[in-house]
1. For Lys65, which lysines qualify as cross-link partners when the Cα separation must be under 20 Å and same-chain residues fewer than eight apart are set aside?
2. Summing -39500 (n - 2.57) over the DSSP H runs of n ≥ 4 in the chain and dividing by its residue number, what mean residue ellipticity at 222 nm do you reach, to the nearest 500 deg cm²/dmol?
3. Give, in nm to one decimal, the length gained when the segment between Ser101 and Gln45 is fully stretched (0.36 nm per residue of separation minus the Cα-Cα distance).
4. Quick check on region 1-61: take the gyration tensor over C-alpha atoms, sort the square-rooted eigenvalues as a ≥ b ≥ c, and tell me if it's rounded (a/c under 1.5), prolate or oblate.
5. Points 7 angstrom from Cα along the Cβ direction at Asn23 and Arg91: gap in nanometres?
6. With a ≥ b ≥ c the root eigenvalues of the C-alpha gyration tensor of region 47-101, is it rounded (a/c under 1.5), prolate (a/b larger than b/c) or oblate?
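Readers should treat all values here as calculations from the given coordinates under stated rules, not as data from a laboratory. Source: prediction; values computed, not measured. Positions of Cβ are backbone-derived with ideal geometry, glycine not excepted, and every protein chain shown enters the neighbour counts.
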Amino acid sequence: MIARMWHGRVPTEKAKAYREFVNSRAIPDYQSVEDNLSVHILERQDGGVTHFVTLTFWKDMEAIKGFAGENFEAAKYYEEDKDFLLEFEPRVTHYVVVGQS
């Protein structure tokens, strides 16, 4: 199993709207890909900025490529992200899951 982690920052005043967007648009997109095992959206407010981490779990790297394409280390963005994000981090991070309960 592979974990894929992405980080983004939005102005806190847009955090609620961004949360609604990821729940209605991004999560269903992840879940539509075969061998996506789960999607978790994490949120942390830090003053005027709210951090979002998208943590997804996949059967294997081929499943991730089904979502992200051959350039699977590149972050995938949606057109709507330009209305929220303070910057566009170019890469995601992948981890091999070596333990779970």
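1. Cross-link targets: Lys76.
2. It lands at -5000 deg cm²/dmol.
3. 17.3 nm
4. Note, shape of region 1-61 comes out oblate.
5. With each label point 7 Å from Cα toward Cβ, the separation is 3.3 nm.
6. oblate
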